[in-house]
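The values are calculated or read from the model by the stated rules, or taken from the named source; none is laboratory data. Please read these numbers as outputs of a predicted model, since none were measured by experiment. Positions of Cβ are generated from backbone atoms using ideal geometry, with glycine treated the same way; all protein chains shown enter the neighbour counts. When the accessible area is computed, the model is the full protein with side chains, heavy atoms only, and any ligands, DNA or RNA have been set aside. Shrake-Rupley method; radii C 1.70, N 1.55, O 1.52, S 1.80 Å.
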Amino acid sequence: MSESNSQSNSQKNPKLIVVVAFDRGDDGELFPAFGPAHQQSEDRAIRTAKALAAKHTGVIAWSRDADPSLGEYGPPRTLFVSGEVPDME
């Protein structure tokens, strides 16, 4: 039974996993060119970010523990970053 308890605990702590790619505008400012796009897994987010990296000024994939029903989110954890991206707030 402890296995099912640990499985239900992991289901209670879903992750928010996101990829965002940036380009630079005529004014020199970075702007989101792709995303934020939610991903199903951290591995998929990293693969997506790597694929976008060659086409954009910068790309970042990150995740955080999330409980949307309570509006609670953990600190973001960078999974992959390439090029220039704005500071995460």
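Do we find that D87 is open to solvent by 100 Å² or more (accessible area, probe 1.4 Å) and not basic (K, R) in this structure? Judged against the criteria, D87 is a match. Among the residues of region 72-81, those identified as of a type outside the set (D, E) and either open to solvent by 40 Å² or more (accessible area, probe 1.4 Å) or part of a helix (DSSP H, G or I) (or both) are Y73, P75, P76, R77, T78, F80, V81. Being assigned to a strand (DSSP E or B) and under 15 Å from P36 (Cβ atoms) is the filter here, so list the residues in region 48-71 that pass it. Across region 48-71, the qualifying residues are G58, V59, I60, A61, W62, S63, R64, A66.
Do we have V19 as touching a helix residue (DSSP H, G or I) at 6+ places or on another chain (Cβ under 8 Å) and either part of a strand (DSSP E or B) or not aromatic (F, W, Y) (or both) here? Working first, answer last.
Details: touching a helix residue (DSSP H, G or I) at 6+ places or on another chain (Cβ under 8 Å): yes; either part of a strand (DSSP E or B) or not aromatic (F, W, Y) (or both): yes.
Judged against the criteria, V19 is a match.
Can you name every residue in region 27-71 that is surrounded by fewer than 11 Cβ atoms within 10 Å (Cβ to Cβ) and at negative phi? Answer for region 27-71, where residues must be surrounded by fewer than 11 Cβ atoms within 10 Å (Cβ to Cβ) and at negative phi: D27, E29, H38, Q40, A54, P68, S69, L70.
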